[in-house]
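Scroll down for the structure; my scribbles are underneath it.
Bear in mind that the values in this text are calculations on the coordinates, not laboratory data. Worth saying up front: this structure is predicted, and the values here are computed from it rather than measured. We place every Cβ from the backbone using ideal geometry, glycine too, and count neighbours over all the protein chains shown.
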Amino acid sequence: MDHTSASASIQLVSLIILSGFLSLGTIKLGFCSDDHNVGCIDVERKALLKLKQGLTDPWDWLSSWVGEDCCKWSGVGCNNITGRVNRLDLRNRYSDGLDYSGAKVSAFGFGGEINPSLLVLKDLVYLDLSMNNFEGVQLPSFIGSLEKLKYLNLSRTSFVGVIPPNLGNLSRLLYLDLSNFLDDNPSESDLQWLAALSSLKYLNLDGVSLAKATSYLLPTINMLHSLVELHLRSCGLSILPLTLPSINFTSLLVLDLSNNNFNSMIPPWLTNLTELEMLDLSGNRLTGKLPDSLGYLKSLRHLKLSTNSFQGSIPKSIGNLTSLEEFDLRWNLISGIIPESLWELSSLVALRLSENTWEGAITEAHFAKLGGLREISIGNNSPNISLVFNISSDWKPPFQLRYLTITSCQLGPKFPAWLRYQTELTTVILRNARISDTIPDWFWQLGLQLDYLNVAFNQLSGRVPNSLRFRVDIIVDLTSNLLEGPLPLWSSNIIGLFLRDNLFSGPIPHNIGQVMPNLTHLDISRNSLSGSIPLSLGNLSHFEFMIISNNNLSGEIPHFWNNISSLYFVDMSNNSLSGTIPRSLGSLTSLNFLILSSNNFSGEVPSLKNCTDMRILDLGDNKFSGQIPASIGESMLSLSILSLRSNSFTGSIPLQLCGLSTLHILDLSHNNLSGNIPHCIGNLNGFNSEVTDKDTEAFGQWGRLEVVSKGRVLVYDSILYLVNSVDLSDNNLSGEMPVGITSLIKLGTLNLSMNHLTGNIPANIGNLTSIETLDLSMNKLSGSIPQSMVSLTFLNHLNLSNNNLSGKIPTGNQFKTFVDPSIYEGNDGLRGCPLPIGCQDNEEAPQVPSGDGGEDDDSKLEKLKFVISMVIGFCAGFWGVFGTLAMKRSWRYAYFHFLDKVKDVVLDFVSAIGSYLQKRS
């Protein structure tokens, strides 16, 4: 439970006590007091012992359950007059006061079964089994027979099955917490029995899959007129009804509907819940404008609307929420000027507006009434800047911030001097803030207890202190600045150090592993570092992420990898490293990404059979020799990218590579491979599947690869996950093109050039409907060009030259644009346009400009301008909807990929027409 929920729950309990519904002893969350006048009843003592017998108790929590007086047993509470057990608190004590993380906590809890002897406790009003581990056990339905229960907490207990509908018999229930209590999380539970819990004040179903109840759930809960707090976080709900016949749960103080699948506007009835203290709609797909009626919720203290698709501007009525302490609007499509009324909310503690598009200027006057502010985040990840901070250098803020995030705003050019007064900061993010200054000494001397410092993508210059100490574990990100000097060596509390794309020089400090023993993430790529890889990195037992690429490092890879069992990302590319790959590196079971391209490595590649979770393996542009290890195809079943280009590998392509069902880039080009292309290549199902969010997460930020496409070398990074390419060019491969290759329907690039392939081009090559680049040149292919290639409407680069092809060149569709005869040259038997032989006989000759009559060159150029303007107009119109894609990273990258395709088509077409006109002139 987060701080907000915990606070609200305390208020709820207090409200219940004051209302007379529960006595203080009943709602007490701790274990029972010894203060009672009579001993427990024997039959109840025996019932508790049977209950204990059915439970597993790995940490012996119930060791006190001995003796005659069960009222003195840990977790048992009795009525002081009757001696009857009325409270049973078996909550996992290990979780108290901790930020629990599932399995770690449950390992300390109870398990086993709940004995029906529990029914003997007829006066039980309080039952707490939360945070335990009843994995594989069904929640017993007899709990619904404990009719006097007022408090029932089964959260995070890992029961299986469905929620028993006879819980509806508990008509006296005031508090019901079933959050995350089902291990297999079914969606078939029928929850209409909730309407019978007429006294209920607190209901928590967080994390329970309720997709099949989405149509009736909220109307059913609406019947609970006493409800004060409702939690339905992450329940898979998709329907947020726009209307309700009547609104009965008007007593609601807390409403949490976050992380569901709602895609409607905010319904009008919701803003009629005028007693709300907290409203959380974050993590949905809600659309439309924020309604002016939000101003009716004048009691709101917490308003969370982040990660939706709200548009328009913030309504001026936001100023009516005078009690608002937390306003979270991050990750939406809100734009425009922040209304003046927002800056009047003097109770604000947290103001989160980042990842929207703001305009205008912010001055120190805007913060004059926000003396209680502790957190502010504003800006977005766009390179475009439309919000300016006009703050004088001598401003002394009225607040003391703990969290500061300003991204893609005009904060500079000077480093903000007002930060010298912010002595309680723990997070400082000034990313892409147009600061072209040095980081002043006074900032480093503030002695801040930082856990995150990010001033990336500015123009910060000069040197940073070589020795600094921080008081807590900290992540430092100085990426993409102009910082220079030796690599800084900071305190032992650094866990993440990102210094990519600066001007740091000299060696990596030899003792970096001793000085920063807690380091887990290190990115020092794209600098001017020299020397060798220090042995002390082997001391980093928690090391997970190492990028040292694009430097001037030399020497061999050290043999220290056995000590780094958590390492999953290694990038040493674009250096001058040499020698062989240590076998210990290939033994890392945690390794997901291994990128060693563009070095001077040699020798054979060691067995990588232990790297079963590998996603990217890039060994290109080195001097590796020997055969391609078959273990790559046998063990790396999650591999998405395999690049071994520009080495000296020999032998045949291992058949085992056909088992890589998630592969979407295969580059074995520029080697000495021989034999046939495996006929099982059609088994590479990764070229048949759609992009997943897992792909975007894996490659969207760190992936970077050179791919030969469209006749030239292209570098892909942020959209690498969209590239589908097979490149086997410049080898000694022979035999026929396997028919199976035509089943790779998502393939974008196929390059088999500069080999010794024979036979025909497969007739059904037209199945490759996504192909953009097809290069089969410099082989010994024969027969005709298949007519099915006319259907390849995305094809924009074709090279069939220097083969033994014959017959008529197909016409229509893309072939009308292939007007360069060089793509067919070296095939003596071919005829048809654009070759001079047989072009006149072609019924559907390419529609290219002709100087023989009809139209003059000016007319043709006018037509060309018309075509180009149509394409540009289409692109401009498409760009107009870009804002709707800003929230979905995979859609955004797909959109840029589409523009790239259009650009290439236009350029190729214009170039071809221009060349033709020049020849005819």
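Things to note:
- In the range 257-356, the ratio of gyration radius to Kirkwood radius, Rg to Rh, stands at 0.92 when only Cα atoms are counted.
- Based on the convex hull around the alpha carbon atoms, the range 633-682 presents an average projected area of 3.3 nm².
- DSSP assigns beta bridges within the range 602-828; of those with both partners inside it, close to 15 percent run antiparallel.
- Cut-off 19 Å (backbone N to label point 7 Å along Cα→Cβ of SER541), residues of the range 580-621: 588-590
- When both the range 490-510 and the range 538-610 are represented by their alpha-carbon centers, they are found 18 Å apart.
- For the range 160-248, the equivalent ellipsoid derived from the Cα gyration tensor has semi-axes of 19, 17, 11 Å, listed largest first.
- Take each peptide in 108-120, 388-400, count the other Cβ atoms within 10 Å of every residue, and average; sorted highest first, the result is 108-120, 388-400.
- Ranked by the mean number of other Cβ atoms within 10 Å of their residues, highest first, the peptides 521-531, 755-765, 663-673 come out as 663-673, 521-531, 755-765.
- Among the listed pairs LYS46/LYS150; LYS201/LYS304; LYS212/LYS304; LYS289/LYS414; LYS52/LYS148, those beyond 32 Å (Cα-Cα): LYS289/LYS414
- Volume per residue of the C-alpha convex hull in the range 386-541, rounded to whole Å³: 98 Å³
- Put a dot 7 Å past the Cα of PHE794, heading toward its Cβ, do the same for GLU340, and the two dots end up 5.3 nm apart.
- Stretchable slack from THR82 to LEU655, in nm (0.36 nm times residue separation minus alpha-carbon distance): 198.4 nm
- Each listed q (0.16, 0.18, 0.27 Å⁻¹) maps to a log10 I(q)/I(0) for the range 353-432, found by the Debye formula over equal Cα scatterers with no solvent: -0.57, -0.73, -1.62.
- Kirkwood hydrodynamic radius of the range 724-779, Cα pairs, Å: 11.3 Å
- Mean silhouette area of the range 278-421, derived from the convex hull of its C-alpha atoms and averaged over all directions, reads 7.9 nm².
- Between SER505 and LYS808, full extension at 0.36 nm per residue minus the direct alpha carbon distance yields a gain of 103.0 nm.
- Shown for TRP442, TRP490, TRP65, TRP73: other C-beta atoms within 10 Å of each C-beta, ranked fewest to most, produce the order TRP442, TRP65, TRP490, TRP73.
- The slack between ILE247 and GLU484, meaning 0.36 nm per residue of separation minus the straight C-alpha distance, is 79.0 nm.
- Each 10 Å bin from zero holds the following percent of Cα-Cα pairs in the range 602-828: 8, 34, 37, 17, 4, 0.
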